[in-house]
Amino acid sequence: MHYSVLLDESIELLNIKPDGIYVDGTFGRGGHSQAILKKLGEHGRLIAFDKDPDAVSYARVNFQDKRFTIIHDSFIAIDRVLEQLGISHVDGVLLDLGVSSPQLDSKERGFSFRFDAPLDMRMNNRSGITAQEWLASATETELADVFWRYGEERFSRRIAKAIVTKRTQQPILTTTELGKLIESQMPFKERGKNPATRVFQAIRIQINNELGDLEQLLQNIPFALGKNGRMVVISFHSLEDRLVKLKFNELAKGDELPKWAMVKDTQTEFKVIAKKIKAGTLELDENSRSRSAVMRCLERLEIRPR
């Protein structure tokens, strides 16, 4: 079952205008998109993006609404697509980051160590290098760096060395093979956590350039918001949330005037209106994956020349 994380809270934060233009940068299975469309009037518009061909196919079958457009691309294409559509500003942008429930639950996609499956992990499984190909070609140093930087895995060097040793004997082809190899390098187990969790997360982030895409988006998309437009971001690990928090705070702080200036800028262009919102008890009882979700919201107070 697909569960849209922080659904009610995110829709409330978007403060949807019936005739507004909105962007869902991570369509998934459309839970957030469906809720946005319910709030839109006849002249409202929603443009959704997703890398995953399965998600796009689902949207085309199940979201036949003249107010809705689905784009098969990463959310970093939002700027370009809006320009192509002749849209200068939007009233809201929503991002629900990370891997979706259907991707995790689909055995053949290779995202999860719960299933024995080929090591793929691509969000767009028709393009790019697979996890198996990356593990076969990356240097030991690169492997260790990725496991540490994106997974914060304390045994990153030990695991990287074991992978390089193993692949000289035979290729690592499946999630089960990789999971067992990682587990064999752990001197102890954390209670309630699979030993492969951090490494699988790191590989997924690397393969899909998740943090690179997010950094690029945060540089540009806040300036695509119209006056009083809002950007809502739901993240699922500290690396994503840190990027969002720092960029939102930077935008809200604005450009500081020199100390000798005799005037004070009383209003910045942006304002952070929600910090570190977490799922409530009821949602956590229904969906354990909401536990790590953190939501933040930025509002554009006025439009200034860039």
Mean Cβ count within 10 Å, highest first, over the residues of peptides 92-102, 275-285, 213-223, 232-242: 92-102, 232-242, 213-223, 275-285
Order by protection proxy (mean Cβ within 10 Å, highest first), peptides 202-210, 148-156: 202-210, 148-156
From the coordinates shown, Rg and Dmax of the Cα atoms in Å corresponds to which of [x] 17.9, 55; [y] 20.2, 60; [z] 20.9, 71: [z]
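Does region 108-207 come out rounded, prolate or oblate by the C-alpha gyration tensor, with a ≥ b ≥ c the root eigenvalues, rounded set by a/c under 1.5 and, if not, prolate when a/b is larger than b/c and oblate if not?
Rounded is the answer for region 108-207, as its axis ratio a/c remains below 1.5.
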Segments 162-174, 21-33, 122-134 sorted - mean Cβ within 10 Å per residue, highest first: 21-33, 122-134, 162-174
Aspartates and glutamates whose Cα lies under 18 Å from that of K276, excluding same-chain neighbours fewer than 8 positions away: D8, E9, E12, D96, E240, D241, E250, E299
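Since every read-out is calculated from the coordinates, none of them should be taken as a lab result. On a predicted model such as this, the values are computed, not experimentally measured, just so you know. Heads up, the Cβs are rebuilt from the backbone with ideal geometry, glycines too, and the neighbour counts pull from every protein chain shown.
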